[in-house]
Number of protein chains: 2
Amino acid sequence: MALEHAILVSLLEKPGSGYELARRFERSIGYFWTATHQQIYRVLKRMENDGWVDVRDVPQQGRPDKKEYSVADLGRAALSSWLQDPIEPESVRHDLAVKIRGAAFDDPAVLTREVERHRQAHRDRLAHYRAGETRDFPGPEASTAAPGAPLDAERELQHVVLRGGIAYEQMMIDWLDDVLATLARFGPSR
Amino acid sequence: MALEHAILVSLLEKPGSGYELARRFERSIGYFWTATHQQIYRVLKRMENDGWVDVRDVPQQGRPDKKEYSVADLGRAALSSWLQDPIEPESVRHDLAVKIRGAAFDDPAVLTREVERHRQAHRDRLAHYRAGETRDFPGPEASTAAPGAPLDAERELQHVVLRGGIAYEQMMIDWLDDVLATLARFGPSR
DNA sequence: ACGCGCATGTAACGTGTTACATGATTAC
DNA sequence: GTAATCATGTAACACGTTACATGCGCGT
């Protein structure tokens, strides 16, 4: 399991409230891990009980007060231990692939529309990722600092993960084109 | 939710027992959906209660008897209705990406080994998929039958899903190379 | 007055994972 | 004899999803 570890990484990158974490899970972290605020509050409470995170009440003006969480020593140790622990490469989970094979027993025209919708969603996400890349990682690849500069590791790793998201979306678009071409081969007339 | 629908598709392709389904989920269907026998038995029982599948006791010699499941009219209707129903494009879930961003706060050398392990696993899976493709889908792309031949839809759709698996594995290998190159940039000396 | 953004939560349910459990036959 | 394959299941727990619930401040 990794939601707690994803939260630890996010809090190490920057402390924040449950609400803020939920928003990050819609953005950067959300490129590769999703979580709703309900899950986050539940897990944060457990992590607090286990001493993995520290809480600090932050009064705010014009907004509700918030609880700012940051990683405690125990949490850092837990993350470190998880990072040492090998994980199994996970397999994909694609509802859409189930539908594609199922379309052999049903109306393929409906599937064509569904695939087109998904293709558009992936195009949108790709555009969104690319915009984020231009915004957050402009300039030359090898940063301005000296080679081996440790301060850039965090950014470089964030960038390579984002490139993974981009590669994934691009692959999906290409594959969905393949699916549409396949459907067209026995589709248009029937 | 789609396990029950994945099972319906698999049983339409070929009726079989819970055990056989579990084995298929390690192979062809498993390219895009995983399930253990415990899940399968649980869901099969529910589907039987709901009248989605018919059961037939098949006595065997030299082996335990088995229950052969096949899709009933109600099941076929349920699948059809699900196929009509649009689903949301789902986002990826990558433990490994969490680890990559986490490596900024820990030993990157450990991550390098982990990434290499995953890369190897994806290479193995890719080889396995390609072997399956050569075995199950030889010959020219556009089959021997006349254009629009409906009998080939099932195979064509299975093939395009397999090509999706291949594209996914290839994308992952390329991306993990990118990750390794990124790690090497601030890795070897520290 | 209404809705949106910020901020935190509870409850119920469904799904997935892990461990345990049984028992026959075939191959080494 | 011992392990592997075939075949079916129960139980407990962890995790994810959906719905419900509250309340303030700001903009229109």
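Some notes on this structure:
- Within the range A:70-99, the residues that satisfy the criterion of being in contact (Cβ under 8 Å) with a residue 60 or more places away in the chain and more than 7 Å from chain B (Cβ to nearest Cβ) are A:71, A:75, A:76, A:78, A:82.
- Within the range A:1-23, the set of residues being more than 19 Å from residue B:103 (Cα to Cα) and either facing another protein chain (nearest Cβ under 9 Å) or buried (at least 17 other Cβ atoms within 10 Å of the Cβ) (or both) comprises A:16, A:17, A:18, A:20, A:21, A:22.
- Scan of the range B:28-44 for residues that are out of contact with any strand residue (DSSP E or B) (no Cβ under 9 Å at 6 or more places or on another chain), without any contact (Cβ under 8 Å) to a residue 40 or more places away in the chain and of a type outside the set (Gly, Ala, Ser), ordered by number: B:29, B:33, B:34, B:36, B:37, B:38, B:39, B:40, B:41, B:42
- Being within 14 Å of DNA strand D (Cβ to nearest atom), more than 29 Å from residue A:162 (Cα to Cα) and exposed (fewer than 14 other Cβ atoms within 10 Å of the Cβ) is a property that does not hold for residue A:51.
- Of all the criteria given as (1) within 14 Å of DNA strand D (Cβ to nearest atom); (2) in contact (Cβ under 8 Å) with a residue 24 or more places away in the chain; (3) more than 19 Å from residue A:106 (Cβ to Cβ), the one not satisfied by residue B:7 is (3).
- Just one of (1) touching a Pro at 6+ places or on another chain (Cβ under 6 Å); (2) part of a helix (DSSP H, G or I) fails for residue B:82. It is (1).
- Any chance residue A:8 is more than 26 Å from residue A:131 (Cα to Cα), hydrophobic (A, V, I, L, M, F, W, C) and away from DNA strand C (no atom under 12 Å from the Cβ): yes
- Residue selected from the range A:16-45 under the condition more than 15 Å from the chain's Cα centre (by Cα) and under 20 Å from residue A:83 (Cα atoms), by the criterion farthest from DNA strand C (Cβ to nearest atom): A:43
- Residue match in the range A:12-22 (condition: touching a strand residue (DSSP E or B) at 6+ places or on another chain (Cβ under 6 Å), touching a residue at least 60 places away in the same chain (Cβ under 8 Å) and away from DNA strand D (no atom under 12 Å from the Cβ)): yes
- Among the residues of the range B:123-137, some residue qualifies, meaning at least one is outside any helix (DSSP H, G or I) and more than 9 Å from chain A (Cβ to nearest Cβ).
All of the numbers you see were taken from the coordinates with simple rules; none came from a lab. Just so we're clear, the structure is a prediction, and the values are computed from it rather than from any experiment. Every residue, glycine among them, receives a Cβ derived from its backbone with ideal geometry; neighbour counts consider all protein chains shown.
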